[in-house]
1. Please list, in chain and number order, the residues 5+ apart from VAL9 or on another chain whose amide H is under 5 Å from its amide H, with Hs placed from the backbone.
2. Calculated FRET efficiency, LEU247 and LYS222, Cβ-Cβ r, R0 30 Å, to nearest 0.05?
3. Give me the accessible area per residue for the range 177-234, probe 1.4 Å, as a whole number in Å².
4. Return the sequence-ordered ³J(HN,Hα) values of the range 118-126 in whole Hz as given by the Karplus equation 6.51 cos²θ - 1.76 cosθ + 1.60 applied to θ = phi - 60°, using x for Gly and Pro.
5. For the chain, with all protein chains present and a 1.4 Å probe, just round the carbon and sulfur fraction of the accessible area to a whole percent.
6. Which residues in the range 102-139 have a backbone N closer than 13 Å to a point placed 7 Å from the Cα of ARG184 along the Cα-to-Cβ line?
7. Pop out the ³J(HN,Hα) list for the range 59-75 in order, Karplus 6.51 cos²θ - 1.76 cosθ + 1.60 with θ = phi - 60°, rounded to Hz; leave Gly and Pro as x.
8. Loop-only trypsin sites (Lys or Arg not before Pro) in the range 142-208, please: DSSP not H, G, I, E or B, and at most 12 other Cβ atoms within 10 Å.
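The values are calculated or read from the model by the stated rules, or taken from the named source; none is laboratory data. In this text the structure is predicted, and so the values were computed from the model without any measurement. Note that each Cβ is placed from the backbone with ideal geometry, even for glycine, and that neighbours are counted across all protein chains shown. Side chains are part of the model used for accessible areas, which takes the heavy atoms of the whole protein and leaves out ligands, DNA and RNA. Shrake-Rupley method; radii C 1.70, N 1.55, O 1.52, S 1.80 Å.
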Amino acid sequence: MRNNRKIVVISGSSGGIGKELCELYRNDGNIVIGLARGGDVRVDMTDYERTAEIADEIAARYGRIDTVIANAGAGLSGATELLPLEDIEYQLALNYLGAINLVRACLKHMHKGSNAVFVSSACALFALPYRAVYCSGKAALNMTAFGMYMELKKHGIRVTSICPGDIRTGFTKNRVKRSDGGERYGDDPVRAARKIDSRENKRMKLKPAARKIYKCALSSRKPLYIIGAKYKFLNFLRHILPQKLFLDVTAKFFG
């Protein structure tokens, strides 16, 4: 007879949200395998073949995978026109393809009653100037989650995307910031990055935010969750205001 412990796979587990989620799942008596370059299992999530092998190894050891949380990600800011192509490729390789690859690899070993979670971002809901590539990758994650939600619902596997707003982690510090504005943009990319960085003390505290993400991941009853009242309100405004007005106001505050 199967026990109630879940076999949980979480990427991006070496710090921030991922580390907190590992702790929360373990505290509830689950078996948690954290994936990261410095995690329980060391792997770069852009190494798609090795990631798939690890999913097979976990399933071979425990007999199944109950929950997968694709959380690993990185930030990028700069004038979209001037960003090095390799920066854009890495963003998509990690934030988008890395997440899909992990979930697909784990799904082979998942069953009715299990769930797959994409940790996306509030940036998936509304674009920001000089963060277009990051926002695009996260928006793509949402669309992927919605499609998989429909594909897997009749098979009893829940798929959801969770969009947290700004949280106090090392994410901002570790974001790749390209300051080159050229003749067209000048210092605008630098000023935009400073505006976002200056709000660090206004971000959500890590542990309470992680617990909200944890509760949403456990439930996975909806295809989308937004973490943070401010971001829920902004998402509401995005749907009722003319798009041009919403974009112009966003540009004024974040550009």
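1. Correct list: ILE33, THR67, VAL68, ILE69.
2. Here the calculated transfer efficiency is 0.65.
3. Values: 3800 Å² over 58 residues.
Ligands and nucleic acids excluded, the figure is 66 Å² per residue.
4. Using θ = phi - 60°, the values come out as 9, 8, 9, 6, 4, 5, 6, 8, 8 Hz.
5. On the way: 7100 of 13170 Å².
Solvent-exposed carbon and sulfur of the chain make up 54 percent of the total.
6. The answer is 130, whose backbone nitrogens lie closer than 13 Å to the label point.
7. 5, 5, 6, 9, x, 5, 10, 9, 9, 10, 10, 8, 10, 4, x, 8, x
8. Sparse-neighbourhood loop trypsin sites (Lys or Arg not before Pro): ARG199, LYS205.
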